[in-house]
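Notes follow once the structure below has been shown.
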Amino acid sequence: MKSKNNRRGETLLTVKAVKTMYVFVDESGCLRANQAFLAGAWFTWMPVFWLNVARRLRHDSRFWRELHFHKVSRQQNDRQYEMIQALLALLAKYRKTWYARLLYVSEADQLAGWRDCSCVDIYDNLMSRLFGRFGGHFPERRCVIVLDEKNRPHWDNYIPVGLQAFLNRSVGVKTDTEFEIVTASSETNDLLQISDIVTSAMRQLVVPS
């Protein structure tokens, strides 16, 4: 907030808009404690730009279903493949409008530590570690983190309530960042689907399937 005087000597207060970093999170691989898996966070401060990109690609590719990297086929004229290929090209072209951070869990001792945990507990632990390491290290002072709602059972409220509180009292205090956690459906959220493409494509490089 800043103050200045007008021509009549009156003090006026102006509020500077707080820029927001948006983070879309996906995981690739089975969240069982005996298999390697990867969590990915796709960061952008230009969500409207990328929403428009996705809509234009859907129109050009005539592909309207949910994008899934692992569902790409080898068939000719696979519209999903065409759209993903075009999307990856645009991600490379506009690389200064986004970045990604990945947490890859593959070591035997790391996996052993979660052997007796449920998938829900593993996911909660994974998200806490991911944002404990990468959250808040950007110039924006507000951060909205979007998680796929399918990963959350209705009876567990650690996400969004618990994780949001954890980030604001730990990472947020250190980096002066205000965190907000929301959930959305990956079936209808194009930016969550972009996170899926980036995360799954990176896992394919380290765990070919």
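Descriptive notes on the structure:
- Straight-line cross-link reach from Lys71 at under 12 Å between alpha-carbon atoms covers these aspartates and glutamates, not counting any fewer than eight positions away in the same chain: Asp196.
- Proximal aspartates and glutamates to Lys19, defined as alpha-carbon separation beneath 19 angstrom and excluding residues fewer than eight positions away on the same chain: Glu140, Asp176, Glu178, Glu180
- Per residue convex hull volume, Cα atoms of region 56-204, in Å³: 141 Å³
- Rounded to 10°, Cα long-axis angle of helix 47-61 versus longest principal axis of the chain: 40 degrees
- Counting only protein heavy atoms and a 1.4 Å probe, region 23-206 has 53 square angstrom of accessible area per residue.
- Percentage relative contact order, the chain, counting C-alpha pairs under 8 Å, at least six apart: 31 percent
- Annotation: His137 carries an accessible surface of approximately 120 Å², with a 1.4 Å probe and no ligand, DNA or RNA atoms counted.
- Antiparallel bridges, percent of DSSP beta bridges restricted to the chain (to nearest 5): 60 percent
- Residue among Ser186, Gly40, Ala100 farthest towards the positive dipole end of the chain, charges placed on Cβ: Ala100
- Whole-percent carbon and sulfur share, accessible surface of the chain, 1.4 Å: 51 percent
The values are calculated or read from the model by the stated rules, or taken from the named source; none is laboratory data. Just so it is clear, the model here is predicted, and its values are computed rather than measured. FYI the Cβ positions are ideal-geometry reconstructions off the backbone, even for glycines, and counts take in every protein chain you see. SASA here: full protein model, heavy atoms, side chains in, ligands and nucleic acids out. Shrake-Rupley method; radii C 1.70, N 1.55, O 1.52, S 1.80 Å.
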